[in-house]
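Single-structure report; data block below.
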Amino acid sequence: MAVIGYYGLPFVMSLYLQQLRGLSPLGTGAAFLPMMLIGAALTPFSTRIAEQLGPRALITAGLASMAAGLVILAVLPSTTPVQALAGLMVLVGLAGPLVMPPVTAILLNSVPGHQAGTASGVFNTSRQVGGALAVAVFGALLANRATFLAGLRTSLLLAGGVALAAAAASLLLRPSNHSHAIPAGPA
C-alpha cells in the first residue's frame with residue numbers, strides 16, 4: 001500500500017511542477033532530491049532502527065509520515081514555494097527506508113524457507129502492480145487540464161488515505177518471538 005504514495009507522488013508532482021509551475025525537468029528533479037536523499041541516508045540504518053524500535057513501530061511511523069506528507073501537500077495553496085514542497089516530500093520519502101525493509105523481513109520470516117523466493121516474487125510483483133495502478137488512476141484524474149489541480153489534490157488525498165489506512169492496519173502486526181533479519185534497502 002505504501003507504493004501508491006511512493007510511486008504516485010513523483011508522477012503527479014513532476015507533472016504539476018513542470019506543467020503548472022513551469023519548472024524545467026532539471027528543476028523538477030532537484031525538487032525531488034531531498035526526498036530521495038532521505039531514503040539513501042536512512043536505508044543503511046533501517047536494520048538497526050527496526051531492531052531497537054521493532055518492525056511494527058517503524059512501519060507505522062513510515063506510513064503515518066507518508067500519509068501526513070501527502071495530505072499536507074494536497075491542501076497547500078498552489079503558490080507554495082517549491083522549496084517548501086520539496087521539504088514536505090521528504091515525509092513521503094521516509095516511507096521507503098522505514099516501511100519496505102521491515103515489511104520484507106516480516107514477509108520472508110512468515111513463510112517456510114523453501115517458499116521465500118515465491119513469496120518475494122509475489123511481493124515484488126504486487127508492489128509493481130500497485131504502483132502501476134496508482135499511476136494509471138492518478139493519470140486519469142490529471143487528464144483534463146481544466147481540472148488538473150483538483151485531480152492532483154484528489155490523487156494526493158487518495159494516496160494519503162490509503163497510507164493512513166495501512167498505518168492503522170500495521171498496528172495489528174504482532175511482535176514476533178524471534179528477531180527479523182531486515183534487508184538493508186527498500187528493494
Next item on the list: Tell me what the chain gives for mean residue ellipticity at 222 nm when only DSSP H runs of n ≥ 4 count, each as -39,500 (n - 2.57), the sum divided by the residue total, rounded to 500 deg cm²/dmol.
Entry: -25000 deg cm²/dmol
Item checked: Percentage, to the nearest whole number, of Cα pairs in the chain over 26 Å apart -> 31 percent
Checklist line | For the chain, with +1 on Lys and Arg beta carbons and -1 on Asp and Glu, the positive-most of Leu42, Val103, Leu149 along the dipole | finding: Leu149
Check: How big is the charge dipole of the chain about its Cα centre, in debye rounded to the nearest 20, if each Lys and Arg gets +1 on its Cβ and each Asp and Glu gets -1 on its Cβ?
Finding: 160 debye
Notebook entry, point to check: Pick from Pro81, Pro101, Pro55: which residue has the top mean-square fluctuation in a GNM of the chain where Cα pairs under 10 Å get a spring?
Noted result: Pro81
Item checked: For peptides 69-75, 124-130, sequence by mean Cβ density within 10 Å, most packed first -> 69-75, 124-130
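Each value in this text was obtained by applying a stated rule to the coordinates, not by laboratory testing. Predicted model, so just to flag it, every value in this text is computed and none were measured. All Cβ positions, glycine included, derive from the backbone under ideal geometry; neighbour counts span all protein chains shown.
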